[in-house]
Every structure is written in structure tokens, then in C-alpha cells.
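In what follows, a structure is listed as C-alpha cells, so that the remarks can point back to it.
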Amino acid sequence: PLRVTQALLPQVASTGKIAVVSTMMGSISDNTSGGLYAYRTSKAAVNMVTKSLACDLKPKGIAVVAISPGFIATNFGGRGAETLTKFGAKPVEPSVKGIIEAIDNLTLDNTGQFVHANYGNGLQPAPW
């Protein structure tokens, strides 16, 4: 997200909003199962970049949020949406609704937050 933000900053300045897709797997305080070291570490780094961007860009009038879409039934990861649904993955559409809600609600007053899209059932603060 850092390099993309740097490259697109002139275009982003007009909207004043940046949304970074993250995951609860990047939450240090929510890690109760361990494992998946490389993935968890990379997502924790994404969260740190998001928080730092929020600090750096707020004076320029740009708000930044990290959004966890949740466990979504997609073909990402090679298992297939049907298989993931059997393990509790949720449909794509409600999660997209939650992501849009997070972006719509993003302001300079709440920049730097980490939120869970909550499958379109109202945003939830996510623990760092």
C-alpha cells in the first residue's frame, strides 16, 4: 500500500480518502491461534503502514483506514468459494457493503482506524 499510495497521491488528494484492505490476521492482540507467521507478519506490517500514512497525510487533508473484509467466500487461495463456505466464509456482497460503508464514513476525525467490515452489519472497530 505504501508504494501505491506514493504513486497515486496526486490523484487521491482530490478525494481525501485512502482505504487499505487488511485482515484480522494482522492484528497482534487478536492472535489467539498462532501459526501462519509470514502471512500474519506481512499483514501486521500493512496495518503499521496504514497507521503511519494516516499520521503523515492528515495534515494534507487525506484520511486513511485499514479495513478487514472478513472471511469471504472467494476463489482467492485456490480452495474455491464453495469449499470456504463450508468453513464459515461469508458471501462477497455483504462484505463489499461493509467496505463501502467504511470508506463513506472515513473522515479526518477517524483517520488511522482499523475496522472490520462486519459483513455489512455495521462497522466494528478492529484491535491492532
### Query
In deg cm²/dmol, rounded to 500, what helix-only [θ] at 222 nm does the chain give when every DSSP H run of at least 4 residues adds -39500 (n - 2.57) and the total is split over its residues?
-12500 deg cm²/dmol
### Query
Taking the Cα atoms only, what angle lies between the long axis of helix 2-12 and the longest principal axis of the chain, rounded to 10 degrees?
50 degrees
### Query
Given a cut-off of under 8 Å on Cα pairs at least six residues apart, what relative contact order in percent is computed for segment 2-119?
29 percent
### Query
Given Cα pairs under 8 Å that are at least 6 residues apart, what percent is the relative contact order of segment 51-119?
46 percent
### Task
Read through the labelled values (i) 26, 17, 14; (ii) 24, 22, 12; (iii) 29, 21, 16 and report the label of the one computed as semi-axes √(5λ) of the Cα gyration tensor in Å from the structure.
(i)
### Task
Using only Cα atoms, tell me the angle between helix 92-104 and the longest principal axis of the chain; keep it within 0 to 90° and round to the nearest 10.
20 degrees
### Query
Which of the lysines could a cross-linker bridge to K58, judged by Cα under 25 Å and excluding same-chain residues fewer than eight apart?
K17, K43
### Listed residues V115, P127, L9: farthest to the positive end of the dipole of the chain (Cβ charges)
L9
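Any read-out appearing in this document is the output of simple, stated calculations on the displayed coordinates, not a laboratory observation. The model shown is predicted, which means the values in this text are computed figures rather than measured ones. Counting neighbours? That spans all protein chains shown, and the Cβs are built from the backbone with ideal geometry, glycine included.
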